[in-house]
Amino acid sequence: LTPLVFCPPAVTSPCKILKCNSEFWAATSGSHHLGAEEAPEFCTALRAYAHCTRRTARTCRGDLAYHSAVHGIDDLMVQHNCSKDGPTSQPRLRTLSPGDSQERSDSPEICHYEKSFHKHSAAPNYTHCGLFGDPHLRTFTDTFQTCKVQGAWPLIDNNYLNVQVTNTPVLPGSSATATSKLTIIFKSFQECVDQKVYQAEMDELPAAFVDGSKNGGDKHGANSLKITEKVSGQHIEIQAKYIGTTIVVRQVGRYLTFAVRMPEEVVNAVEDRDSQGLYLCLRGCPASQQIDFQAIRSAQATEGRARRKGPSLPAPPEAFTYETATAKCREKLPVEDLYFQSCVFDLLTTGDVNFMLAAYYAFEDVKMLHSNKDKLHLYERTRVLSPGNTAPTGTHPTLWVALLCLCWLCLL
């Protein structure tokens, strides 16, 4: 039987960057073996790639894969001393020989992070970031936030990969949002992997990259990047051994969750450190996008006065009361930490039991990915938490009242 190849919705969108990528990869298959005499052919393919991106530029302005491709073309032009002027036909370059294909099964040392990056230093310190639910964000510094962040936002952006999420309203007229689309770009890295793009959307959780492959391409270390399907349509895992990174993507109900384990060295591998504050996993959500519990406490008094005069705020969804929501969340999350509190908040806000499962699986991913088992549970949600700080134990005494008020405000 011929295997089915997943074709994501982006392929049929006006932006044709994935077509440009595929044409270039096809034209340069095995090009890392080219000798100096064949460099002009690579430059020809590269100019064709650039020409293709220019043709689709107008419809790709907001596409992360497009901008990554444009920057990658510029870098390759410089590396191979390619002129921007010249022929743009796309000859098929030499493919891997059987001997080369056999060699690919044993990735070079550079494609194993712990072997190559840390030969003469201490073991790497791994960090974790997760996004789930309404959405709730746990950053690389163990800050826990609930954010609005509607639309497309960069979750990670460093020298090795980009992750972008798109959050959409859960209910009409509500500020409650959840992740409906995820794009991950693994940048080309030495002899390890070609550039690969992974995309998931609501009801579409593929077990392959957008070009249909399940590993890093045609380079020797291609198997240092692999996708594994854990549960069909519900749970995939991406191992990027060349950067010591594990990514877990799930679909729970209609929405997506994201979790990553990444070495600090990779997290901080950025060229423009002044822009680091834009990446949610690194610095958290912008202050304007965070839910402020101090403001909620003030709103509590206002809401109370409004109710004495007559109901003026919309009631939360009828599916759950505070008591039934806490009871439901306790079934999966017996420890009353921030994952439990997030579960209660999401059930009251949305009435959708799948958000309870999203909080449960988010915590399961923390248990699997976080390197410090003493920091699995977080207890105090804060607006601002300095990097390196950890949340103290003990549930804030007014947090539950604030959560109830917050649920009504999210429906405004």
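The values are calculated or read from the model by the stated rules, or taken from the named source; none is laboratory data. Predicted, not measured: the structure shown is a model, and the values here were computed from it. Note that each Cβ is placed from the backbone with ideal geometry, even for glycine, and that neighbours are counted across all protein chains shown. Remember, those area values only see protein heavy atoms, side chains included, never the ligands or the DNA or RNA. Shrake-Rupley method; radii C 1.70, N 1.55, O 1.52, S 1.80 Å.
The set of residues in the range 332-346 being of a type in the set (A, V, I, L, M), more than 24 Å from the chain's Cα centre (by Cα) and assigned to a helix (DSSP H, G or I) consists of 344 alone. Of all residues in the range 166-179, those being open to solvent by 10 Å² or more (accessible area, probe 1.4 Å) and in a strand (DSSP E or B) number 3. Give me a count of the residues in the range 200-213 that are part of a strand (DSSP E or B) and open to solvent by 10 Å² or more (accessible area, probe 1.4 Å). Residues in the range 200-213 being part of a strand (DSSP E or B) and open to solvent by 10 Å² or more (accessible area, probe 1.4 Å): 2 in total. Does the range 255-262 contain any residue that is in contact with a strand residue (DSSP E or B) (Cβ under 8 Å, 6 or more places away or on another chain), at pLDDT below 95 and assigned by the TED database to the domain that holds residue 156? Checking the range 255-262: not a single residue is in contact with a strand residue (DSSP E or B) (Cβ under 8 Å, 6 or more places away or on another chain), at pLDDT below 95 and assigned by the TED database to the domain that holds residue 156. Checked against (1) part of a strand (DSSP E or B); (2) more than 21 Å from residue 362 (Cα to Cα); (3) in contact with a Cys (Cβ under 8 Å, 6 or more places away or on another chain), residue 185 meets all criteria but (3). When the range 129-152 is filtered for residues that are at positive phi and surrounded by fewer than 24 Cβ atoms within 10 Å (Cβ to Cβ), the ones remaining, listed by number, are 142, 149, 151. Number of residues in the range 153-165 that are in a strand (DSSP E or B) and either at pLDDT below 90 or crowded, with 20+ Cβ neighbours inside 10 Å (or both) equals 9.
Filtering the range 374-383 for residues that are at pLDDT below 50, in a loop (DSSP other than H, G, I, E, B) and among the β-branched types (Val, Ile, Thr) leaves a non-empty set.
For the range 340-365, filtering for residues that are at pLDDT 90 or above, out of contact with any helix residue (DSSP H, G or I) (no Cβ under 8 Å at 6 or more places or on another chain) and open to solvent by less than 20 Å² (accessible area, probe 1.4 Å) leaves 1.
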